[in-house]
1. So which of 147, 76 ends up being touching a residue at least 12 places away in the same chain (Cβ under 8 Å), part of a helix (DSSP H, G or I) and closer than 30 Å to residue 4 by Cβ?
2. For segment 116-141: of the residues being over 12 Å from the mean Cα position of the chain (by Cα) and crowded, with 20+ Cβ neighbours inside 10 Å, which is farthest from residue 23 (Cα to Cα)?
3. Which of the following residues is over 11 Å from the mean Cα position of the chain (by Cα) and on the phi > 0 side of the Ramachandran plot: 104, 78?
4. Looking at (1) more than 22 Å from residue 20 (Cα to Cα); (2) assigned to a helix (DSSP H, G or I), can you tell me which one residue 113 breaks?
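The values are calculated or read from the model by the stated rules, or taken from the named source; none is laboratory data. Just so we're clear, the structure is a prediction, and the values are computed from it rather than from any experiment. Please note: Cβ atoms are built from the backbone with ideal geometry, for glycine as well, and neighbour counts cover all protein chains shown.
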């Protein structure tokens with residue numbers, strides 16, 4: 001396996017963390033989304049970047065996941081965290097990010113990022129159906145699909161809490 005493939009699948013080496021590699025692999029999309037929100041980037045751009053992360057890391061999982069399983073000698077090896085990047089980025093998509101120059105918006109953005117992170121990690125660790133049954137798929141699909149499902153679950157929960165319970169809406173940036 002080439003260095004580039006390993007770099008992608010381990011999210012720049014985060015998958016080699018000695019503990020909680022999935023948690024470490026979930027952090028880059030959160031950091032990127034929060035940085036963009038705090039810099040006042042438009043909601044559509046934050047969502048576009050998150051969806052690009054979903055696409056790139058999903059393709060990496062599907063394309064190179066089987067090689068990674070052979071290299072690391074097990075199904076869905078812990079070092080492969082590209083699936084966490086994709087699932088976490090999905091959980092951060094379409095959220096009601098707010099212009100940081102407006103009072104209270106920075107807290108809204110921080111709570112959205114942290115909430116999406118915690119919801120994704122909760123569902124990724126718990127693996128409720130149908131996510132648990134999809135891990136049995138072969139190769140990269142088995143590595144990836146359960147994380148996309150848990151990312152979607154996290155997205156729904158964060159949307160319901162943020163928009164439904166708290167009444168948050170996107171506050172236009174700029």
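1. Matching residue, one of 147, 76: 147.
2. Taking the candidates together, the pick is 140.
3. 104
4. With respect to (1) more than 22 Å from residue 20 (Cα to Cα); (2) assigned to a helix (DSSP H, G or I), residue 113 is out only on (1).
Residues checked against (1) farther than 26 Å from residue 133 by Cα; (2) buried (at least 24 other Cβ atoms within 10 Å of the Cβ); (3) at pLDDT 95 or above:
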{"site": "2", "(1), (2), (3)": "yes, no, no"}
{"site": "19", "(1), (2), (3)": "no, no, no"}
{"site": "25", "(1), (2), (3)": "no, yes, yes"}
{"site": "40", "(1), (2), (3)": "yes, no, no"}
{"site": "49", "(1), (2), (3)": "yes, no, yes"}
{"site": "68", "(1), (2), (3)": "no, yes, no"}
{"site": "84", "(1), (2), (3)": "no, yes, yes"}
{"site": "87", "(1), (2), (3)": "no, yes, yes"}
